[in-house]
Every structure is written in C-alpha cells, then in structure tokens.
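Novice: My questions all concern the structure below.
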Amino acid sequence: MGILGELFFAFAKIGVLTFGGGLTMLPMLKHELVEQKKWVTEDEILDYYAVGQCTPGIIAVNVSTFIGYKKAGIIGAVISTLGMITPSVVIITVIAGILTTFMNNVWVASALMGIRGVVCALLVQTVITLAKKSIEDYFCAFIFIGVFVASFLFSLPSVVAVIITGLLGIFMYKIKEKKRKGREK
Amino acid sequence: MIYLILFYEFCKIGLFALGGGPATLPFLMDLADKYDWYTKEQLADLVAVSQSTPGPLGINMATFAGYHAAGILGAILASLSLVFPSLVIIILVAKFLNNFNEKPVVKGIFYGIRPAVTGLIAVSVINLFEISLFDEVNGLTKLNVPVAILTVVVFFLLQIKQLGKLHPGVWLLAGAAAGILFRL
C-alpha cells in the first residue's frame, strides 16, 4: 500500500474511533501518528493543532489536512481530509436514513425526547467551558455580551458577527500590544 | 440547483465557523430559518445524533443537514463543501507561512472572534432550549416539565468531577433510556 493509501486508512481509523472532534481527538492522533506510525513528533502535532485552531473549519480535519500535506503534498492533504470525513459521512447517512423511517415509532420518539434533554445539559456545559477560555479581559466580555444581545434580540447574521469582531480584534490586539510594550520599556 | 446552493452555503460555514464543531451550530440555525431543508426540531435531533456517533461533530452535523436537504448526494456534498475552504487555506498556510499562528493579525482576529463565537453558540443553545423543553399546546407554549427536570439533573451531575469526564455517549444513552422508561 502506497503512502496515499496509508494516509487514507490512518485518518479513517481515527475518524471511526473518536467522538466529538476537536481536542478529544488529540490523544487518538498522538497514539496513531506519533507512537504507531512515527510520521510526526508530539511537538509537531501540538503545532498543527495551534494552526488548526487558527484556521477556519473543523479543527480535527484541519490537523489531518496539515499532516497529509507534510507527508505527501497537495494530494496527501486531500486524501487525508477525505479519510477523516468518509466514516462520518457513511455512518451519518445510514443513521439519517434509519431515523427518518422510524421517527414516528413511539419508542424512538421517547428515546429522542430523553436525548434532547441530555443534549441541552451538555451544550450548556460546552458554553461554560468556551466562555472560560475565550473571555480573557473586558474587551472580550464586551464582545461576548454585544454579540449575544445582537444575535438574540436582532437576529444578527452569524457571518456578519464574525467579520465585524475579527476586524475589531485586529484593532484591539494592536492597542493591547502597544500598551504591553510601553509597560516593558 | 439545490446542489449549487448546498455547496455555497456549506463553503460559507466552512469559511466562517472558526473554532471547530460547535461553531457550526449558529450557522445551521441560520440555514433552518432561510431554507425548508430541516426544521429547528430536526436540528435538535441532529445535534444529539452527531454527538453520539463517531467522527468530528461539525462533519456529522453537515452530513446530516445535507441529507435532509437533498438525500445521499446532499450528505456527501455538504461535508465536502464544509472542508473545502479549510483544505485550500491549510495548504496555502503550510506552503507559504511559517509561524502562521504567531502572526499579530491572526492573533488579533481570534482575540475578537473567540468571544463572539461563544456568544453565537450561547444564543443557539437558548434556541435549542425553546425547541427541546417547550411544547406548543393549543397555541400556548408550555414547559415540558419531565424533560426540563432531566436537563437540570444531568447538568448538576456533570458538575461532579468524575462524572463530568464521562464520555458524552454515556449521557446520551442514559437520556435515551430515561426517555423510554418515563415515556417522555
């Protein structure tokens, strides 16, 4: 099996064996790619994660794209990305097909009601974790509250919110850095 | 035509959903308002299924949404469109930019966007609350008390350290069991 086949199946395996994506995939990526395949070092994986978080899209997929590119160029990047998403696409398509058929079954409907209750609790937990990580000062708190109010009360489109706050972020970061440098002098 | 719209909408999500899986949720909410591909109730189930199946959350949600919009082809197209922008950007970054994530502009963008995305996700969660915990009976909105109690109980259990580390799938299974047991 050539390197492309190896890349595809390595990432497909990670896609099948991990739930949730993002940081939950880190231990699995380390195990497969650092310890088993020895394609990258642990430091490199952490670097790729840092980049994966600072580029648009799904973090775990971004990391697989990056490693694929490093191993086998553009084709490697494409194949690794496809490897990562193929299991999800197959599994979800099957489940979506089954669910649409059995949605009206009493048992399935009851189970889904219970699951919805749990999902609400899990999502509140996610928001709390994200808020702790992302709100680091008054500016961040201002952005959080501003976007929350604009989106909740005035249905501000998400894309507009991302563009405006990205620009504000560049501006405020410059000021913050200037202040920091001023203090160091 | 539907395929072109799917490609456009999911590329847009792939480009603007910074911060991974949960960040796609507000954009999927926007889509539910804009098109009749799926209702917000279905979106609530979609989130549940995506969390309890393998693979990255964002890809699972896009696949599911694409399936509702246009069947199997829609599912494949939606997930491919979602990863397309980041694929291009990562290749460019890997080729031309060293220390990309150390650049002041990149740091600045994320300094502003991270709290914004948290705010957007918080609003989506409130919307999901309305859908999951409230029923409409004869035009009046009524709290579904048993499901609400389940949510509160699970939330407090999650604050216990050992339980908080449990796999989300365990909680979702427990939720399904509770749903069947109490005929929610």
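Novice: Residue by residue through the stretch B:175-184, note down the ones that are in contact (Cβ under 8 Å) with a residue 12 or more places away in the chain and hydrophobic (A, V, I, L, M, F, W, C).
Specialist: Once the filter is applied, which keeps residues that are in contact (Cβ under 8 Å) with a residue 12 or more places away in the chain and hydrophobic (A, V, I, L, M, F, W, C), the stretch B:175-184 yields B:Ala178, B:Phe182, B:Leu184.
Novice: Now, a different point. Looking only at the stretch A:127-155, which residues are surrounded by 20 or more Cβ atoms within 10 Å (Cβ to Cβ) and either among the hydroxyl-bearing types (Ser, Thr, Tyr) or more than 7 Å from every other protein chain (Cβ to nearest Cβ) (or both)?
Specialist: Once the filter is applied, which keeps residues that are surrounded by 20 or more Cβ atoms within 10 Å (Cβ to Cβ) and either among the hydroxyl-bearing types (Ser, Thr, Tyr) or more than 7 Å from every other protein chain (Cβ to nearest Cβ) (or both), the stretch A:127-155 yields A:Ser134, A:Ser151.
Novice: Sort through B:Asn138, B:Asn98 and tell me the only one that's modelled with pLDDT under 80 and closer than 30 Å to A:Tyr173 by Cα.
Specialist: B:Asn98
Novice: Does at least one position in the stretch B:96-106 carry a residue that is of a type in the set (A, V, I, L, M, F, W, C) and open to solvent by less than 60 Å² (accessible area, probe 1.4 Å)?
Specialist: So far as the stretch B:96-106 goes, yes, one or more of its residues are of a type in the set (A, V, I, L, M, F, W, C) and open to solvent by less than 60 Å² (accessible area, probe 1.4 Å).
Novice: Checking the conditions here, which among A:Lys38, A:Lys13, A:Lys30 is surrounded by fewer than 17 Cβ atoms within 10 Å (Cβ to Cβ), out of contact with any Pro (no Cβ under 7 Å at 6 or more places or on another chain) and not in a helix (DSSP H, G or I)?
Specialist: Exactly one of A:Lys38, A:Lys13, A:Lys30 is surrounded by fewer than 17 Cβ atoms within 10 Å (Cβ to Cβ), out of contact with any Pro (no Cβ under 7 Å at 6 or more places or on another chain) and not in a helix (DSSP H, G or I), namely A:Lys38.
Novice: Another one. I'm checking my understanding of the structure. Among residues of the stretch B:123-168 that are open to solvent by 20 Å² or more (accessible area, probe 1.4 Å) and of a type in the set (Gly, Ala, Ser), which one is nearest to the other protein chains (Cβ to nearest Cβ)?
Specialist: Looking at the filtered set, the residue picked out is B:Gly164.
Novice: Only one of (1) within 7 Å of chain B (Cβ to nearest Cβ); (2) at pLDDT 90 or above fails for A:Gly83. Which number is that?
Specialist: Checking A:Gly83 against (1) within 7 Å of chain B (Cβ to nearest Cβ); (2) at pLDDT 90 or above, the one that fails is (1).
Novice: I'd like to verify a number: residues in the stretch B:16-73 that are open to solvent by less than 40 Å² (accessible area, probe 1.4 Å) and either of a type in the set (Asp, Glu) or not assigned by TED's automatic domain parsing to the domain that holds B:Leu6 (or both), how many?
Specialist: Residues meeting the conditions: 1.
Novice: Additional query: Identify, by number, the condition in (1) over 30 Å from A:Thr165 (Cβ atoms); (2) open to solvent by 50 Å² or more (accessible area, probe 1.4 Å); (3) in a helix (DSSP H, G or I); (4) not small (Gly, Ala, Ser) that B:Arg114 doesn't meet.
Specialist: (1)
Novice: Give me a count of the residues in the stretch B:24-61 that are facing chain A (nearest Cβ under 9 Å) and among the hydrophobic types (A, V, I, L, M, F, W, C).
Specialist: Number satisfying all stated conditions: 11.
Novice: If A:Ile115 meets every condition in (1) open to solvent by 40 Å² or more (accessible area, probe 1.4 Å); (2) facing chain B (nearest Cβ under 8 Å) apart from one, which number is that one?
Specialist: Tallying (1) open to solvent by 40 Å² or more (accessible area, probe 1.4 Å); (2) facing chain B (nearest Cβ under 8 Å), A:Ile115 fails exactly one: (1).
Novice: Could I ask something else about it? In this structure, is B:Asn98 assigned by TED's automatic domain parsing to the domain that holds B:Met29, under 20 Å from A:Ala131 (Cβ atoms) and either of a type in the set (S, T, N, Q) or touching a strand residue (DSSP E or B) at 6+ places or on another chain (Cβ under 9 Å) (or both)?
Specialist: Spelling it out, it is not the case that B:Asn98 is assigned by TED's automatic domain parsing to the domain that holds B:Met29, under 20 Å from A:Ala131 (Cβ atoms) and either of a type in the set (S, T, N, Q) or touching a strand residue (DSSP E or B) at 6+ places or on another chain (Cβ under 9 Å) (or both).
Novice: Right, next: Answer yes or no: is there a residue in the stretch A:55-69 that is within 7 Å of chain B (Cβ to nearest Cβ), within 17 Å of B:Phe100 (Cα to Cα) and open to solvent by 30 Å² or more (accessible area, probe 1.4 Å).
Specialist: So far as the stretch A:55-69 goes, yes, one or more of its residues are within 7 Å of chain B (Cβ to nearest Cβ), within 17 Å of B:Phe100 (Cα to Cα) and open to solvent by 30 Å² or more (accessible area, probe 1.4 Å).
Novice: A further question follows. Name the residue, out of B:Ser86, B:Ser81, that is of a type in the set (S, T, N, Q), open to solvent by less than 50 Å² (accessible area, probe 1.4 Å), in contact with a Pro (Cβ under 7 Å, 6 or more places away or on another chain) and more than 20 Å from A:Phe144 (Cβ to Cβ).
Specialist: Selected residue: B:Ser86, the only one of B:Ser86, B:Ser81 that is of a type in the set (S, T, N, Q), open to solvent by less than 50 Å² (accessible area, probe 1.4 Å), in contact with a Pro (Cβ under 7 Å, 6 or more places away or on another chain) and more than 20 Å from A:Phe144 (Cβ to Cβ).
Novice: A further question on this structure: Somewhere in the stretch A:160-181, is a residue surrounded by fewer than 18 Cβ atoms within 10 Å (Cβ to Cβ), closer than 18 Å to B:Glu41 by Cβ and more than 8 Å from chain B (Cβ to nearest Cβ)?
Specialist: no
Novice: Considering only residues that are open to solvent by less than 10 Å² (accessible area, probe 1.4 Å), of a type in the set (A, V, I, L, M, F, W, C) and under 15 Å from A:Ser158 (Cα atoms), look in the stretch B:2-15 and name the one that is nearest to the other protein chains (Cβ to nearest Cβ).
Specialist: B:Ile13
The values are calculated or read from the model by the stated rules, or taken from the named source; none is laboratory data. Just so it is clear, the structure is predicted and the values come from calculations on it, not from any experiment. No Cβ is skipped: glycine too gets one built from the backbone with ideal geometry, and neighbour counts run over all protein chains shown. All accessible areas refer to the heavy atoms of the entire protein, side chains included, with ligands and DNA or RNA removed. Shrake-Rupley method; radii C 1.70, N 1.55, O 1.52, S 1.80 Å.
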